[in-house]
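The structure appears right after this line, and notes come after that.
Any read-out appearing in this document is the output of simple, stated calculations on the displayed coordinates, not a laboratory observation. None of the values given here were measured: they were computed from a predicted structure. Cβ placement follows ideal geometry from the backbone for every residue including glycine, while neighbour counts extend to all protein chains displayed.
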Amino acid sequence: MTVATPLPFLHTATDLSAAQATLPIVELDRDIVRRPYRRVRPLPQPQKQLSISAWRLYQAAKKAELTRSFDAPEIDHRAACFAAEHHTMFRWNGGELRLAPGATDEYESAAHGSRSRLIGEGMLLLTMQEYGYAFWDRFDVLVKRALRNQIVQHPDSVRRAQAIRNKLQKRKLDKRSDFVIENGKAETAIAEAKGSLVSPGTDSRIKPDLRDALKQLAATKPLISPQPTKTYAVGTYLREVDDPHDDTSLIAFVDPDDREDADLAVALPPDWVRRGNYAAWLLGMGFAEAANALRNGIAREGVGVSLPVKRVGGRDFVYVVTGAQLRPDRAHRFTRDMLHEWWHWPEFWFGPWRDFVQLTVLGLRVDALAAISRAIVVPQEQSLLTVEPTTVVDTGAFDGSVMPDGSMCGAITVESIREIELREFTL
C-alpha cells in the first residue's frame, strides 16, 4: 500500500459543503451542429438543470485525473490539490455556476489550460451521471489494457492484435474520444469532453467544439467491440460573474445515435470499464498493487486490510485518511488552549472530544469494495458486474461527496470517530 499525499485544504469542509450551484444542460440538434452554415443560436431552452456542489465537482475532477497514465505520487498530487488550489476560481452562491472575476485571464496559460480541461472532464462525468452512467475509464488506457489481455488470453490472435494496434496508432490521439462510460445495465457509451472558460463579452465556441467532438466520436466508435450503444459530445462553457454576454454558463451536448461498421476492433471483456473505474479510485486510496491487478485482470492473492467504517446517507463506507490539518476556523482556539495547557499537547490533536483536526478521506461503499476484492482474487468471476449503482445519492450531514458507483471523498473530524468499527478486505 502506498501512502497518499495529504490534501491541503485552505477552506473548511463546511465551506465546501455549503458551496452549491447549478448549470443548465442544453441539448443541440446533431444535424445543425454537423452542417457548417447552420446556426446554433439562439440556444434552445435547457433540458434540465445540473445541481453541483463543490465536493461533487472536486471529486469528479479527481476521478478524471486518476484515470490518466501517471505514476501514483504524481496522480495523487495533481488530483488531491485541486480543491485547495482552485476553489476560489468559482462563485458558489446556490445559483448559476460562474467564474470569479479575472479567472479567464489567470487560466489562459498552457499550464492552467490543463486545469480547465480537467474541469470539463469532471463536468462530463457529472452530466453523464444525470443520464444514468455511473462507471467510466479513459478510452486510450482502456484499449491498451484490452489489447494486452487479448494477447494473453488468445496467443493465436497476436497478428490480429498487432493489426488493431497499428490501426489505433494511425488515428491521432486528438482524433480519439476521451472516455468509455457504462450504466447499471452494463450498456456502454463513448463520451468526448469539450469546453472552455469563456472570456467576458465573447461568444463561446459551442458549435466548432461539438462539431470536432462528433468527428472524434465517429472515428472512435468502431474501434471497440461490442460497439457502444450511444455516443455523447459534451461541452462545458463557464463565464465570469460580471460577464454581460447573453449566454449564461452552460453545458451543451449532442447525442448522435449512429452506428458504424467495424472490421478491426478491440474486444472489451464485459467488466473492463468497471475494472478501470474502480482501479483508478483504489490508486487514489493508496492501494497501487491491488489497483494494477484489478485494472489488468490479473489474479492476485492479496493481503488482508482492515479499514474503518463510516455511515453516510444510510450506507456503510470504508475509507482511508489521506491527510490531516488544523481546521482554519478552530486554529485560534487551538493555539490559545495549547499555550495554557501545553503539557496535554497530544490530546489537543487526537483527544476524542476535539474537533480541531480535519481529516480528509477517500473511500468506497462496502458492497463495492467487497466486489472489488473478489474481482482481484478471482478475476474470471466478473464480480464487478453485480455492483448496483445508486440512483439517488444522499450524503446526509457528511461533509463530502458520494458518486453513484460508490466512491466517496470528504472530510471528518476526530470528534466524529470516537468509536471505530473495522472491516476486513483482501486487496
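For ASP255 and GLN49, calculate 0.36 nm times their separation in residues minus their Cα-Cα distance, and state this gained length in nm to one decimal. Could you put the intermediate results ahead of the total?
Working: separation 206, 0.36 × 206 = 74.16 nm, distance 1.74 nm.
Contour length minus Cα-Cα distance gives 72.4 nm.
At 7 Å along Cα-to-Cβ for each site, give me the label-to-label distance between TYR131 and GLU424 in nm.
Taking the two extended label points, one gets 4.5 nm.
Determine, for each peptide in 29-35, 392-398, the mean count of other beta carbons within 10 angstrom over its residues, then list the peptides with the highest first.
Working: 29-35: 15.0, 392-398: 13.0.
Listed from highest to lowest mean packing, they are 29-35, 392-398.
I want to check the label-to-label distance for GLU27 and ASN93. Put each point 7 Å from Cα in the C-beta direction and report it in nm to one decimal.
Simple spin-label model gives 3.1 nm for this pair.
What distance in nm separates the simple spin-label points at ARG41 and ARG311, each placed 7 Å from Cα in the Cβ direction?
My value for the distance between the label points is 5.3 nm.
With a 10 Å radius around each residue's Cβ, average the other Cβ atoms per peptide and rank 223-234, 292-303, highest first. Display every interim value, and only then the final one.
Numbers: 223-234: 20.2, 292-303: 16.9.
Order by mean packing, descending: 223-234, 292-303.
Which order do peptides 375-386, 134-145, 119-130 fall in by mean Cβ count within 10 Å, highest first?
Details: 375-386: 17.8, 134-145: 21.8, 119-130: 23.5.
In descending order of packing, they fall as 119-130, 134-145, 375-386.
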